[in-house]
1. Mind pulling up the Rg/Rh value for the range 68-167? Radius of gyration and Kirkwood radius, both on Cα.
2. Please list the helices of the chain that count as membrane-span-like by this rule: a mean Kyte-Doolittle hydropathy of at least 0.0 together with Cα atoms stretching 27 Å or more along the helix axis, each helix being a complete DSSP H run.
3. Which residue, Pro83, Pro27, Pro158, has the most motion in a Gaussian network model of the chain that connects Cα atoms within less than 10 Å?
4. For the range 2-45, what is one quarter of the convex hull surface built on the Cα atoms, given in nm²?
5. Compute the normalised compactness of the chain: alpha-carbon radius of gyration over 2.2 N^0.38 Å, N being the residue count.
6. Tally Lys/Arg at +1 and Asp/Glu at -1 over every other residue whose Cβ is under 12 Å from the Cβ of Tyr105; what's the total?
Amino acid sequence: MIYTCDKCRFIFERTGQVDSCPDCGKPSIREATPNEREEFRKKKAAPENTNSVFLLEQHEKGLLDDTSFLKVFGKAKIFYSTPYGDHKDGGARLFALPASESTGYLPVFSSHERIKEFYENAGRCAYMIIEGTFLSFLETTRQINTAAPVKMGAVIDPGYFGVTVNADMLDTAISLMK
Ligand SMILES: [Zn+2]
């Protein structure tokens, strides 16, 4: 059966009994309407993240050098969350990866599956998934950096592609994408 979450509008399919949204964890789920089922089928047929994954693969194979990759990846759709969040142990923490010279990497993901897998392993709970372009993410990060003690860059699909943009490369990357 196909379900919709009234809280976060996530549409998903499950064969067995299900009582909470796999995206936001809230119990506010119901059977999808015919329109929502149609939307779900379309998305499934043409994954929205094809472009991001395709570009990452081209870069990994060496068919796109770093500069060419950044130029086009700025427009690619990615998923991310806020840097600070709740941990399963009840505390709040910064969910970032260490980078050189006491800077960090904020993770971004090419799909919902990857962001969920990453935060599941990191013990993060009750987080929001934000969708945007890689450029908008870098611009937000640059803005946060102006007041933050630890400067952040970005890592795309840690554990998979793991492409990084260091904190001190944000300006360069952003100007390439524009
Ligand atoms: Zn939900």
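Any read-out appearing in this document is the output of simple, stated calculations on the displayed coordinates, not a laboratory observation. Given the structure is predicted, the values throughout are model-derived calculations rather than measurements. Neighbour counts are summed over all protein chains in view; Cβ atoms, including those assigned to glycine, are modelled from backbone coordinates with ideal geometry.
1. Result: Rg/Rh = 0.94.
2. none
3. Evaluated over the chain, the most mobile residue of the options is Pro27.
4. Seen from a random direction, the Cα hull of the range 2-45 projects 2.9 nm² on average.
5. That ratio works out to 1.11.
6. Residues near Tyr105 contribute 0 overall.
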